[in-house]
Amino acid sequence: MVMVVFGARGNVGRHVAAGLLAAGERVRVTGRDPEKGGFPAGAEVVAADLELPETLPAALEGATKVFVYALPDGVAGFVEAARSAGVRQVVLLSSAAVLIEGSGPNPIAEHHRTVESAVEDSGLDWTFIRPGMFATNTLWWWREPIRGDGVVRLPYPEAQTAPIHEKDMAALAVTALTEPGHERQAYTVYGPESLTLRRQVEHIGEAIGRPVAVEVVSDEEARREMARTMPPFAVEVIMKQWATRVDAPAQTSTVVEKVTGRPAHTFAEWAVDHADDFR
């Protein structure tokens, strides 16, 4: 029985592949350019690109279960190839944004809804992992300032979020792929604790062994800073979330422990795991 992991060099996919291998599964990982390496030892590596449907039959040949990330431009070709290959279950890394209702457009939500709908309509069994705020997003926002002058500039330092460790998203996916009973289930997952942005910066400082200062800046300055590493729509989504979460606890969840049988990682643990990224 072969399990295929798309995006196995990514933040979540690499932990999914490693977890499946540790569970004794036969794992095939894909990459646009396999020669670049970066895949876990013991996995079969094949060239594939979700946006190039002609590359998918070879990647999915003989596969029974698949982990995939949301890519609207390639989902029709993926679904067709998965059905043709006899895939039974698809575990999709989606987003909690699909649950947000609002008057304005939300590109993140629309992106993931498109893929969820295509997978639901495919006739295949599916499991959706719907994370909220990725802890790894802080690498986009704060890595360079912390590496530089050691000052993180924030418009709303007392805003609260519940960041999720990528290992916990992967653990949910591995459980869904290796244990029965997760078909046609959607797991919305948030981090286990609500923390202010200031406290998150402090945890990173503790992990790297030196204090990191927080400077309060205007919305405009924060947008300019974030736009260096993030697309405009993502900047606006994040800024809106921060503005509404000042002194307001963020939603947390216990779904990781309920599904996998072990507690979710704290942000402090995530900071320790990624300390070298900030040094």
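Some observations on this one:
- Lone unmet requirement of (1) farther than 30 Å from residue 182 by Cβ; (2) outside any helix (DSSP H, G or I); (3) open to solvent by less than 60 Å² (accessible area, probe 1.4 Å); (4) of a type outside the set (Ser, Thr, Tyr) for residue 205: (2)
- Any chance residue 235 is modelled with pLDDT of 95 or more and open to solvent by less than 50 Å² (accessible area, probe 1.4 Å): no
- Listed by first and then second residue, the pairs linking a residue in the range 241-266 that is within 20 Å of residue 186 (Cα to Cα) to a residue that is assigned to a loop (DSSP other than H, G, I, E, B) and open to solvent by 70 Å² or more (accessible area, probe 1.4 Å), with Cβ atoms under 7 Å apart and 6 or more places separating them unless they lie on different chains, are 257/263.
- Condition met for residue 210 (of a type outside the set (Phe, Trp, Tyr), under 30 Å from residue 18 (Cβ atoms), exposed (fewer than 15 other Cβ atoms within 10 Å of the Cβ) and modelled with pLDDT of 95 or more): no
- Sole exception among (1) part of a strand (DSSP E or B); (2) in contact with a Pro (Cβ under 9 Å, 6 or more places away or on another chain); (3) crowded, with 18+ Cβ neighbours inside 10 Å for residue 4, by number: (2)
- In the range 43-64, the residues that are open to solvent by 10 Å² or more (accessible area, probe 1.4 Å) and closer than 11 Å to residue 85 by Cβ: 57, 58, 61, 62, 64
- Selected residue (criterion: farthest from residue 184 (Cα to Cα)) from residues of the range 65-76 that are assigned to a helix (DSSP H, G or I) and open to solvent by 20 Å² or more (accessible area, probe 1.4 Å): 73
- Residue in the range 223-236 that is free of Cβ contacts under 8 Å to residues at least 40 places away in the same chain, out of contact with any Gly (no Cβ under 6 Å at 6 or more places or on another chain) and among the hydrophobic types (A, V, I, L, M, F, W, C) present: yes
- Out of 24, 31, one residue alone is open to solvent by less than 50 Å² (accessible area, probe 1.4 Å) and not aliphatic (A, V, I, L, M). It is 31.
- Residue selected from the range 224-277 under the condition assigned to a helix (DSSP H, G or I), in contact with a Leu (Cβ under 8 Å, 6 or more places away or on another chain) and not charged (D, E, K, R), by the criterion farthest from residue 168 (Cα to Cα): 242
- Helices (runs of 4 or more DSSP H) contained in the range 89-199 and holding at least 3 residues open to solvent by 60 Å² or more (accessible area, probe 1.4 Å): 107-120, 137-147
The values are calculated or read from the model by the stated rules, or taken from the named source; none is laboratory data. Predicted model, so just to flag it, every value in this text is computed and none were measured. When we count neighbours, we look across all protein chains shown, and the Cβ atoms used for this are built from the backbone with ideal geometry, even at glycine. Protein only, heavy atoms only, side chains kept; ligands, DNA and RNA dropped before computing areas. Shrake-Rupley method; radii C 1.70, N 1.55, O 1.52, S 1.80 Å.
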